[in-house]
Structure formats: C-alpha cells, structure tokens
Amino acid sequence: MPRSPDTVKVQLVDGSGEIDNFTSLSITNSMTEPSEASIEFGDDYTFPALSEHVALGRQYKVFVNGRLRLTGRIESEDVPADAGGGSVTRFVIKTKLSDACFTSAEPAVKVKNTSIKAFLLNIYMPLGYEEKDFTLSPYLSRDLITGVDSSGQGSPGRIDLEPLKVDQAKVQASESIFDAADRHLRRHGLIHWDSPDGRIVVGAPNDTQDPIYFLRCRRTGDVHLNNVISVNRGRDWSGIPSAVVIHGRSGKPGSPKSRITAFARDDEVYNAGLYRPIIISAEGIRKQSLADRAAQRELSARSKNKDTLSIETDSLSYWDGYQNINWAADTVCSMDSDTASLSGQAYYISRVTLRRDAGGGDMASLSAIKKGVWLL
C-alpha cells in the first residue's frame with residue numbers, strides 16, 4: 001500500500017475559515033510545557049487579506065493528517081517587511097494552558113480539607129476552567145493525536161486524591177497557577193499537560209505502554225529500511241545525585257513529632273564511583289509513604305538527562321506499512337541502531353516538534369527518555 005502524504009490544516013474554532021498556503025509551520029507538543037504552533041506566510045499581499053483572521057485572540061484548531069493536534073489562540077504576530085525583500089506574516093497560536101504559566105495563583109484559594117481535584121478547580125477557576133475542562137484519563141491526549149487505541153498498553157497510573165493539608169497546599173508568594181498545581185500534583189506522582197481538544201490532562205508519564213513506533217537508523221545491512229534521518233544518544237550524569245535523602249516530621253501540628261526519613265539511590269551512578277548525595281528538608285511531609293515517593297520523585301527529576309535520544313525524521317508521521325501514525329508525546333518508541341548500543345532499546349517520547357517549510361519539506365524532532373528513568 002503506497003503511503004499517503006501528510007496533511008496540515010489550520011482552522012478557526014468557529015468553523016468560519018481556514019488558513020492554507022503557508023510557507024512554514026512549526027508545531028510543538030510537550031509533557032512539560034504548553035503546546036504551540038508558529039505559522040508564516042510569505043506573500044506581499046498576505047496581511048491585508050488575512051488581517052481579520054490573524055487578529056490577536058482568534059481561536060484556531062490545528063490538524064495533522066485529519067487528527068486534532070492542538071486548540072489555542074493567536075497570542076503574537078509580526079509582519080516584517082523591506083523594500084527589496086517583500087514581506088511575510090507570522091503568528092503564534094498557544095493553548096490556554098500558557099496563561100497558567102505566568103498568571104499568579106490566588107493565595108486565598110481554599111485549601112483546608114481540600115482534595116487535589118477541588119484544589120485544581122479552585123486555582124484554575126480565574127482562567128475560566130470548569131470541571132469539564134479536566135480529564136483524569138492519561139491516555140486521552142496521545143489517543144487523540146495518534147488515533148491508536150491504547151487499550152491494554154500498560155497501566156496509565158493510579159490517581160491519588162488524598163486530601164491536602166493546609167500547610168501542604170498553601171500557595172506560595174509569586175507562584176504561578178501552573179507551578180502551584182504542578183507542585184502538589186507531583187506530591188502524588190502526577191503532572192498535568194495539554195490535550196489537543198483544549199482540556200487539561202491529569203496523569204503521569206507512563207513508559208510501560210507498548211511501543212507504537214519502531215525506528216531504525218543503521219549504517220550497515222539493509223540501510224534502505226531506515227526510517228529516521230539521525231539519532232543522537234546523550235548520557236549526561238554530571239548533574240545526577242547518587243542518592244536523595246528526604247527529612248520530614250510526622251504528627252499533627254501542635255503534637256509531638258518524630259523524624260521521617262526516606263532514601264532513594266541511583267545504583268548506576270553510585271557504582272560508577274560518583275558519590276554525591278543530596279539532603280532535602282521537607283517539614284510539610286508527615287507520612288512515610290509520601291516521603292518515600294518524594295525521594296524517588298526528586299531523584300527522577302534530576303535524572304532526566306541520564307539517557308536520552310534526540311531523533312530527526314523527514315515526515316510528520318510514522319508509517320507502519322499500512323497507515324500514517326502521527327508522532328505524539330506520551331508514547332514509547334523502539335530504537336534499532338548499530339551505534340551507541342541502541343538495538344531494540346525502548347524510550348519514552350516526552351516532546352515532539354513538527355516542521356514544514358517550502359524549502360526543507362517536512363521534519364519531526366523527537367525528544368525521548370530511556371524507559372524507567374522518568375518516574376513520578
């Protein structure tokens with residue numbers, strides 16, 4: 001079966017118009033930051049014709065191969081021009097989650113005897129989010145983008161809605177809405193990220209799912225079967241601690257307290273002779289289970305560069321021989337390369353950037369972390 005070409009569509013949310021004939025486009029989806037799309041038109045007469053459609057605040061949906069990639073608003077535009085070279089029109093679409101990354105969290109948000117769910121709803125309410133705008137289905141985003149059913153592909157993780165205590169949940173001075181939510185979600189082994197339909201997904205990175213991309217970059221043998229342009233394996237242990245020790249205090253406020261200690265060690269770093277433990281005081285942690293989880297989380301957060309892949313491909317999707325499967329974050333790939341010991345290794349994709357331009361064609365950049373490294 002011949003492969004069909006990748007398609008991109010940029011459409012107004014209200015369905016009143018569609019933008020095509022752009023000269024370049026870049027789309028980024030990530031597990032750790034809001035998604036965005038940057039679009040450029042290279043035509044002397046572009047801006048007058050598009051001025052209404054590219055007004056700041058206009059809402060757009062971006063589709064790749066007919067599948068929704070992101071929903072957002074135009075937040076910036078520029079129209080550089082010169083007498084000799086003509087002009088272009090550029091604008092950037094960002095998801096609503098980007099507001100939460102710089103908007104200050106309300107310090108007076110109710111936190112006493114509050115669940116994580118209620119805390120999220122209260123802290124995001126000033127941005128117009130409601131309960132329907134959150135989903136606890138971690139696979140929602142990757143399923144919408146790829147179109148591949150995730151049923152049976154590993155556990156998406158348990159969502160713990162343990163009530164937050166006042167001293168644990170109080171919003172810190174100058175903390176953004178995103179950072180306040182992220183801080184408390186991570187206590188429970190969770191993070192939150194964009195869904196293509198504009199909702200916020202609450203879940204955890206899950207590298208136990210089956211690979212849906214089987215990538216190959218070999219210098220010998222059947223090189224005609226290669227399906228990536230390049231792959232770079234990075235192993236940077238320079239900032240990774242050999243162990244993390246968490247000290248907390250058990251007991252309710254005003255009652256006698258006893259010390260809680262949790263320990264997490266990276267055996268590979270330790271056995272390599274890199275002795276550099278770190279100690280963290282966390283008086284707000286009052287349960288051993290939360291202290292154990294915090295120690296593992298802190299170690300993992302500092303270890304994401306331990307074993308990574310940077311992959312370049314020449315398409316906006318993966319061809320499995322039968323269909324185009326869009327590249328997506330929160331997925332797993334299998335890498336086969338005859339360099340850097342990469343035969344059949346599994347990596348978790350945390351960030352995807354798609355690019356299309358008139359001169360360079362289609363490209364995709366994938367950032368991936370070795371399976372088992374990023375644990376919350």
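The values are calculated or read from the model by the stated rules, or taken from the named source; none is laboratory data. Nothing here was measured: the structure is a model prediction, and the numbers come from that model. Backbone-built Cβ (ideal geometry, glycine too); neighbour counts: all protein chains shown. Protein only, heavy atoms only, side chains kept; ligands, DNA and RNA dropped before computing areas. Shrake-Rupley method; radii C 1.70, N 1.55, O 1.52, S 1.80 Å.
Quick notes
- Residues in the range 3-38 that are at pLDDT 90 or above, outside any loop (DSSP other than H, G, I, E, B) and in contact with a Leu (Cβ under 9 Å, 6 or more places away or on another chain): 8, 10, 25, 26, 27, 28, 29, 36, 37, 38.
- Some residue of the range 137-145 being open to solvent by 30 Å² or more (accessible area, probe 1.4 Å), within 25 Å of residue 58 (Cα to Cα) and touching a helix residue (DSSP H, G or I) at 6+ places or on another chain (Cβ under 9 Å): no
- When 293, 276, 265 are checked against the criterion of being in contact with a Pro (Cβ under 6 Å, 6 or more places away or on another chain), over 21 Å from residue 221 (Cβ atoms) and open to solvent by 50 Å² or more (accessible area, probe 1.4 Å), a single residue qualifies: 276.
- Where residue 323 falls short, out of the listed (1) surrounded by 17 or more Cβ atoms within 10 Å (Cβ to Cβ); (2) at pLDDT 90 or above: (1)
- Residues satisfying the stated conditions in the range 100-127, i.e. touching a residue at least 60 places away in the same chain (Cβ under 8 Å) and within 21 Å of residue 197 (Cα to Cα): 100, 101, 120, 124
- Filter pass, residue 143 being within 30 Å of residue 324 (Cβ to Cβ) and out of contact with any Asp or Glu (no Cβ under 8 Å at 6 or more places or on another chain): no
- Note on the range 68-118: residues that are among the basic types (Lys, Arg) and either out of contact with any Pro (no Cβ under 8 Å at 6 or more places or on another chain) or in a loop (DSSP other than H, G, I, E, B) (or both) total 5.
- Looking only at the range 91-131, and only at residues there that are of a type in the set (Ser, Thr, Tyr) and open to solvent by 30 Å² or more (accessible area, probe 1.4 Å), the one that is farthest from residue 55 (Cα to Cα): 115
- Residue satisfying all of: in the range 219-231; surrounded by fewer than 17 Cβ atoms within 10 Å (Cβ to Cβ) and not polar (S, T, N, Q); nearest to residue 35 (Cα to Cα) among these: 229
- Condition check for residue 166: modelled with pLDDT under 90, of a type in the set (Val, Ile, Thr) and open to solvent by 30 Å² or more (accessible area, probe 1.4 Å): yes
- Scanning the range 175-215 for residues that are open to solvent by 10 Å² or more (accessible area, probe 1.4 Å), of a type in the set (A, V, I, L, M) and within 15 Å of the chain's Cα centre (by Cα) gives a single hit, 204.
- When residues of the range 211-233 are limited to those that are in a loop (DSSP other than H, G, I, E, B) and out of contact with any strand residue (DSSP E or B) (no Cβ under 7 Å at 6 or more places or on another chain), the one nearest to residue 177 (Cα to Cα): 219
- Taking the range 74-90 as the range and being surrounded by 14 or more Cβ atoms within 10 Å (Cβ to Cβ), under 21 Å from residue 21 (Cβ atoms) and not hydroxyl-bearing (Ser, Thr, Tyr) as the test, the residues that pass are 74, 77, 79, 88, 90.
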